[in-house]
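This report concerns only the one structure given below.
Every number in this text was worked out from the coordinates using simple rules, so none of it is lab data. Worth saying up front: this structure is predicted, and the values here are computed from it rather than measured. For neighbour counting, all protein chains shown are included, and Cβ atoms are generated from backbone atoms with ideal geometry for every residue, glycine included.
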Amino acid sequence: MKRLAVALGMAALFMAVHAAARSFTLAQAVDFALTHNSMARLAKARGAAAQAELRLARDQGLPEAGVSYGYLFSNNPLEALSAELERRQVSAAAFTPNTLNHPGITKLGTTTLSLSWPLYTGGAIHEALRAGRYGRKAAQGAARRIRQSIMAQVIQSYEGVLVAREALAVAHKAVVAARRHARTARYLYARGRIVRSDALSADVNLGANEGMLAEARGNVRIAMDNLATAMGAPAGLAITVPRVPLRVVPVPHHDLAAFYRQALTDRPDIKSLRAEIAAMRARAKAARDRSSFQVRLTAQSQWFSEIPNLRHNAWTVGAVISKSLYDGHRNRDRADVLEQRVAELEARLAGLRARIRNHVARAFDNMRTAMTQYRIANANVVRARQAVAVTQVRYGEGRTILLSLLNAEHGLVQAREARLTALYALAANRAALAAACGSLSRRTLASLGIAS
C-alpha cells in the first residue's frame with residue numbers, strides 16, 4: 001500500500017507539472033513577450049504618461065469654472081452697508097448717523113459661481129500642445145524600439161533552445177557510441193586482443209563524452225530559462241518548445257549601405273529622439289511666450305442672503321489684459337535651460353546615428369561570417385562522416401587501432417557542434433540585423449526565415 005501511495009503521488013505530481021506546461025511556437029512566444037515582458041509594460045506606461053501630458057496641455061486652453069459659499073459675521077460699518085446693498089435691502093433708515101456708526105452684527109451668506117477663460121497667452125498654450133504631441137510621438141517611437149528589442153531577444157533565446165536541444169542529441173549519440181566502444185574495448189582487452197592503453201583510452205573517451213552530455217543538458221535548462229526570462233513568463237508557468245527543424249537562415253542580398261539608409265530612416269529610436277527634440281524646442285518657446293501679453297475672460301455671478309438661497313443675484317463679466325514686466329528672469333532662464341537640453345538631445349542624436357551604424361555593420365558582418373562558418377562546418381560534417389565510415393572499416397579489418405576510430409568520431413562531434421553554433425549565429429544575427437535596421441516587427445517575423 002505504501003508503494004502504491006508513493007506511485008500515485010509521483011503520478012499526480014507528474015500530471016500537475018505537465019498540466020501547467022504550455023508549448024509556444026516562435027510567433028506565440030513573441031506575442032506572449034510583447035504582453036508580459038516587464039520592458040513592454042514599461043513602454044506602455046510611458047505611452048500612457050505621454051498621452052496624459054498631452055491632455056494636460058490641452059486642458060490649459062479650457063475655461064475654469066468654480067463655485068464657493070462663504071458666510072460672514074461682522075460689526076464693521078462698511079461691511080454692514082455693503083451687505084444691505086448686496087441684498088438690495090437699503091432704506092433711508094440705513095443712512096442715519098446712528099445706524100451707520102453702530103450697525104450691530106451683520107450676517108451675510110455669499111454663493112459665488114465664477115468662470116475664467118484664457119483667450120490669448122502669447123502662443124504659450126499652442127506651443128505646449130505642440131510639445132505634448134511631439135512627446136506622445138517620442139513615447140510611441142520609444143515603445144516600438146522596446147518591442148523590437150524584446151522580439152530580437154525572444155528570437156535569439158528561442159533559437160538558443162532549438163540549438164541546445166540539437167546539441168544535446170549530438171552529445172547523447174556520442175555517449176551511446178562511446179559506451180559501445182568502451183564495452184568492446186574491455187571485451188577485447190580481457191581476451192588479450194588489444195593493449196591496456198586502448199581500453200583506457202576508450203574509458204577516457206566515454207568519460208569525456210558523458211561530461212559533454214551533462215553540459216549539454218545544463219545548456220538546455222539555461223536556454224529554457226533565458227527564453228522564459230525574455231518572454232516575461234511568470235514563475236508558475238512551465239514553458240515547452242515544439243520540435244521543429246533548424247533552418248539555414250538566408251543572408252539578405254542588400255549591401256551594407258542600403259541597410260545604413262534603412263536604419264537611419266526607419267529606426268524608431270531615431271524618430272523618437274527627433275520628436276523629443278521638437279518637443280523640447282516647443283517647451284522652450286512656450287516658456288518665452290509666457291512673458292508676452294495675456295488676455296483672459298472672466299465672469300462671476302453671486303447670490304447674497306442670510307440663509308443659503310439663490311435670491312439677490314449680481315453678476316460681472318469682463319476681460320483682463322496683462323503682461324509681466326519683470327519676473328526675476330524666470331521665464332527667460334527656464335527657456336534657456338530647455339534650449340540647452342535641446343543641444344544635449346542633438347548631441348545624443350549624433351551619437352545614436354554613430355551607434356546605429358556600428359550596430360548595423362556588426363550584425364551584417366557577423367551574419368556573413370556565420371554563413372561562411374556554416375558552409376565550412378557543413379562540409380566538415382560530410383568529411384567527418386566519411387572519415388568515421390572509412391576508419392570503422394579499417395578498424396573492423398584490424399588495419400588501425402581503436403584510438404584512430406575514437407579520434408574520427410570525436411572529429412564528427414566537433415564538426416556537428418560547429419555547424420550548430422553557426423546556425424545559431426545566423427539566426428541570432430539575422431534578428432539583430434533586422435532590429436538594428438528598425439524593420440523587425442510581428443508582421444516581418446515570418447520573412448526572416450527563422451523557425452516560427
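Here the Karplus relation 6.51 cos²θ - 1.76 cosθ + 1.60, evaluated at θ = phi - 60°, turns the backbone of the stretch 406-418 into coupling constants of 4, 5, 5, 5, 5, x, 5, 4, 5, 5, 5, 5, 5 Hz, with x for every Gly and Pro. The convex hull built on the alpha-carbon positions of the stretch 233-296 has an orientation-averaged projected area of 11.9 nm². The charge dipole of the chain, taken about its Cα centre with unit charges on the Cβ atoms of Lys, Arg (+1), Asp and Glu (-1) only, comes to about 2020 debye. Counting neighbouring Cβ atoms within 10 Å and putting the fewest first, the residues Phe293, Phe259 line up as Phe293, Phe259. Placing pseudo-labels 7 Å out from each Cα toward the beta carbon at Lys173 and Thr265 gives an inter-label distance of 4.5 nm.
Sorting 64-74, 25-35 by average packing, meaning the other beta carbons within 10 Å per residue, from highest down gives 25-35, 64-74. Between the beta carbons of Lys107 and Ala314, assuming R0 = 25 Å, the FRET efficiency works out to 0.90 to the nearest 0.05. Mind listing the phi-derived Karplus ³J(HN,Hα) values for the stretch 385-394, rounded to whole Hz, using 6.51, -1.76 and 1.60 with θ = phi - 60°, and x for any glycine or proline? Computed from phi, the couplings for the stretch 385-394 are 4, 5, 5, 5, 4, 5, 5, 4, 5, 5 Hz. Evaluated at q = 0.17, 0.23, 0.29 Å⁻¹, a Debye calculation over the C-alpha positions of the stretch 372-435 (equal weights, vacuum) places log10 I(q)/I(0) at -0.61, -0.85, -1.07. Its alpha carbons considered, the stretch 35-190 gives a radius of gyration followed by a Dmax of 40.6, 139 Å. A P(r) calculated from all alpha carbon pairs of the stretch 227-373, with 5 Å bins opening at zero, reads 2, 7, 9, 8, 8, 9, 9, 8, 7, 6, 6, 5, 5, 4, 3, 2, 2, 1, 0 percent. Average 1/r across all pairs of distinct alpha carbons in the stretch 45-120, invert it, and you get the Kirkwood radius: 16.3 Å.
Extension gain, Arg353-His329: 0.36 nm per intervening residue step, less the Cα-Cα distance, totals 5.0 nm.
Scattering from the stretch 324-438 was approximated by placing one identical point on each alpha carbon and applying the Debye formula without solvent; log10 I(q)/I(0) at 0.09, 0.19, 0.21 1/Å stands at -0.52, -0.95, -1.03.
Each of Trp117, Trp315 has some number of other Cβ atoms within 10 Å of its Cβ, and from fewest to most they run Trp315, Trp117.
Give me the distance in nm between label points sitting 7 Å out from Cα along the Cα-to-Cβ direction at Val67 and Thr25, one decimal. Placing both labels 7 Å beyond Cα along the Cβ direction yields 6.0 nm. Specify the angular offset, from 0 to 90 degrees and rounded to the nearest 10, of the alpha carbon long axis of helix 196-231 from the longest principal axis of the alpha carbons in the chain. Helix 196-231 sits roughly 20 degrees off the main axis of the chain.
If you plug the beta carbon distance of Ala92 and Ala52 into 1/(1 + (r/R0)^6) with R0 = 51 Å, you get a FRET efficiency near 0.25. The phi-based Karplus calculation (6.51 cos²θ - 1.76 cosθ + 1.60; θ = phi - 60°) puts the 3J(HN,Hα) values of the stretch 102-112 at 10, x, x, 8, 9, 10, 8, x, 10, 9, 10 Hz, whole numbers, x for Gly and Pro.
Report the per residue volume, in Å³, of the convex hull enclosing the C-alpha atoms of the stretch 173-299. It would help to have the intermediate numbers written out before the result.
Numbers: hull volume 41.6 nm³, N = 127.
In the stretch 173-299, the Cα hull volume divided by residue count equals 328 Å³.
Nearest 10 degrees is fine. How inclined is helix 124-190 to the longest principal axis of the chain, computing both from alpha carbons? The angle comes out at about 20 degrees. More than 19 angstrom separation, counting every C-alpha pair in the stretch 99-222; what % is that? So the pairs more than 19 Å apart make up 76 percent of the total in the stretch 99-222.
Just to verify a number: FRET efficiency for Leu115 and Val337, C-beta to C-beta distance, R0 = 30 Å, to 0.05?
0.30
Spin-label model, Val295 to Val390: label points 7 Å out along the Cα-to-beta-carbon direction sit 9.6 nm apart. Helix content alone sets the calculated 222 nm mean residue ellipticity of the chain: runs of n ≥ 4 DSSP H residues at -39500 (n - 2.57) each, divided across all residues, give -24500 deg cm²/dmol. Separation of the stretch 338-380 from the stretch 240-302 is 20 Å, based on Cα centroids.
Between the helical axis of 38-59 and the longest alpha-carbon principal axis of the chain there is an angle of about 20 degrees.
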